[in-house]
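Notes to accompany the following structure.
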Amino acid sequence: MSKMADVNTNLGTTLKVTVTGGGPVGLSFALLLESLMGSKVAIKVYDGRWTQEGARIVWKGEEQENARRQQVVTIQSRQYLRLPKEVRDRVFQEGCYSEMWPKGPDSIRGYGPRNVRIAHFEDKLLELANEKKESIQLIPLRFDPEDRRDEIKSQHALVICEGAQSYTRDYFAEKFGSADKSMYSLEGDHVQDVILGLRVKSDLPDPMAVLLTVTQNRFLLNSLRGDGFLNMRLTDEEVEEVFGIDLKSKKFRDCIQSSPCVMEHTEKPGEFKSTTYSTLFLPAMLREGSPLWTRIQGGLKLFQIKEENLSAVTAFRLAMVHRPRFTAQLYPPTQKTPGTFGFLLGDAANAIHFWPGRGLNSGIASAISLARCLKLNWRDKGFREADFTRHEGLMAMLQYRHKSRAWRTMVTTDSNGNPCAIKNKIKQGIVESENGKFNKDSDIDELMSRLSQIRSRLKQRISGLPSDNTLRQHLRELDPQTLRTLVVSGSWDTFSVGGEEVEVDLLFSDPDSVGGEEVDVDLLFSDPDLPVPPERKQAGKVLAGLTARILVGVALAVGLYYLIPTLGGELSDSLHNIIDELLVQVTL
């Protein structure tokens, strides 16, 4: 053994991990790792959005210029059932979540997806992390990799969870490589969506809201018993209207920030004001003088939302890139340092268009994978590249699966099969309606056809779906421009985005499963030409013999079942006894 190896072996037996970013993914990872390793791990979590309040770390509020995220997110059971039980118990308290969406391929163990408000999820995670002081240190500061260089070198792992605009990831760009926009571009232009987020209270029941949402690509309602956000996909021309105005300085301000401001409804009708920038949302002030505001009202009517139940407006830009890697050695080991590996998790790794509802799910899956990987490969000393082969592979799987799905919610094809951005199809619908190129009855018929087909697919998974009469009457109340836009935007491409989901358990076994044995990687793809080991060959013979006994026994039992009615008396009773004995033998 080399002198360097001797030194590194004696650097300590505690796994040292620093987490940058204490949002849902960063805190989920910290709590997952603590639940797996207990006192064998020391975790530091940094976040500048926190503050000290007595002995506890809490989230800053609006008065400290921190706008909490009130959006509702959908978490699939494949993810939330892998979180520690104490996390699930805190987050999914009665009244704090709903089950709006139907079960699907990402639903496991009979549990469906759950809707929860992001701020509530963050609150409960931080509350629980405060109780883990022996293993988790919460630091209410923005992490600076330059200032913390010596600290990073003393850690075994730096886990970067700062979101899509991660400063720490960009600081180590030479280690993680450059992002590629070309895969998510059309004719050389990087496709970006701007979404207007409207905080609302809808009077529609969830089943009808789901049906109306998946029938088109202009509006998406995700809520907690009707209270949530109505998201509106904007055209490039509509983006030009999304401005705030400062009445004192008479200056305009772009409302689409990297950290978007939230404009709250004031006591004055139609006034939405940003407490951060003291600006007013211009389209609401112009009312009918703003084409965008008129279209917003059409979306509110689609989901039966009264204007007084629109309480806030925000806007954000969405785009995707392909990342070459998610794991990198940031600093090599020395006689005094263990060697530090860096990891990208959450949006810092894979920022995903939220329309199909998989962004946070991908982040949680990446946190589960890394926590299990660190636990599996910790040997009371530093790591090596090979230790993270499975985790890096799983991150690539998540990127491929979720970004491929999300891309389908950004682009579609025209009548000639050429790809085009959905926002441009929406623009087409607006232009056609303005030029009178529409037929309201035909557009209603088209939407009814879609609604009927989608309802037939969902009826086994969602109860209380509306009737044709209810849907047709509802559509007739919408204006022609809204109807035309809904038709041209197209329905969700559920066939293309469906299919197999990424399963962490295939690469890292669930520590709570019976036995806790490692998963055989042959479960992914078996090699038909690989020689079968003797022990497996013997197991196969036993299984084949058992199967043959079962089939023969069932065949005899079925045959005798049809023969018995033709007989009578003691003979019939005797045959009943024979069948019982056969079934006993089959199960031995």
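The values are calculated or read from the model by the stated rules, or taken from the named source; none is laboratory data. These numbers come from a predicted model, not from an experiment. Every residue, glycine as well, gets a Cβ built from its backbone with ideal geometry; the counts of neighbours run over all protein chains shown.
Residue 35 meets all of the listed conditions (1) under 16 Å from residue 364 (Cβ atoms); (2) out of contact with any Pro (no Cβ under 6 Å at 6 or more places or on another chain); (3) surrounded by fewer than 24 Cβ atoms within 10 Å (Cβ to Cβ); (4) not acidic (Asp, Glu) but one, namely (2). Of all residues in the stretch 389-415, those being of a type in the set (Val, Ile, Thr), surrounded by fewer than 21 Cβ atoms within 10 Å (Cβ to Cβ) and closer than 25 Å to residue 218 by Cα number 3.
Restricted to the stretch 192-279, the set of strands (runs of 3 or more DSSP E) holding at least 1 residues that are crowded, with 16+ Cβ neighbours inside 10 Å and at pLDDT below 90 comprises 243-246, 251-254, 263-265, 272-274.
The set of residues in the stretch 486-497 that are surrounded by fewer than 19 Cβ atoms within 10 Å (Cβ to Cβ) and either assigned by TED's automatic domain parsing to the domain that holds residue 357 or assigned to a helix (DSSP H, G or I) (or both) comprises 494, 495, 496, 497. Against the test of being under 20 Å from residue 492 (Cβ atoms) and among the charged types (D, E, K, R), the options 403, 336 yield a single qualifying residue, 403. Annotation note: of 518, 446, 434, 503, the sole residue that is modelled with pLDDT under 80, of a type in the set (Asp, Glu) and either surrounded by 11 or more Cβ atoms within 10 Å (Cβ to Cβ) or on the phi < 0 side of the Ramachandran plot (or both) is 518.
Scanning the stretch 290-312 for residues that are small (Gly, Ala, Ser) and more than 29 Å from the chain's Cα centre (by Cα) turns up just one, 290. Scanning the stretch 304-337 for residues that are assigned to a loop (DSSP other than H, G, I, E, B) and either buried (at least 23 other Cβ atoms within 10 Å of the Cβ) or aliphatic (A, V, I, L, M) (or both) yields 305, 320, 321, 326.
Please work out if residue 387 is closer than 30 Å to residue 157 by Cβ and assigned to a helix (DSSP H, G or I). Answer is yes for this residue. Among the residues making up the stretch 113-131, a single one is outside any helix (DSSP H, G or I) and surrounded by fewer than 17 Cβ atoms within 10 Å (Cβ to Cβ): 131. Considering the stretch 411-480, the qualifying helices (runs of 4 or more DSSP H), each wholly inside and each with 2 or more residues that are of a type in the set (Val, Ile, Thr) and under 26 Å from residue 291 (Cα atoms), run over 422-434.
Taking residues in the stretch 289-312 that are at positive phi, and partners anywhere that are outside any loop (DSSP other than H, G, I, E, B) and buried (at least 17 other Cβ atoms within 10 Å of the Cβ), the pairs with Cβ atoms closer than 9 Å and at least 6 places apart or on different chains are 304/208; 304/209; 304/474. Of all residues in the stretch 144-156, none satisfies being touching a residue at least 40 places away in the same chain (Cβ under 8 Å), within 21 Å of residue 330 (Cα to Cα), within 22 Å of the chain's Cα centre (by Cα) and outside the structural domain of residue 283 (by TED's automatic domain parsing). Test residue 112 against the stated conditions and say whether it is free of Cβ contacts under 8 Å to residues at least 60 places away in the same chain and either closer than 25 Å to residue 202 by Cα or of a type in the set (D, E, K, R) (or both). In short, yes. Being at pLDDT 95 or above and in contact with an Asp or Glu (Cβ under 9 Å, 6 or more places away or on another chain): is that true of residue 370 here? Against the criterion (at pLDDT 95 or above and in contact with an Asp or Glu (Cβ under 9 Å, 6 or more places away or on another chain)), residue 370 does not qualify.
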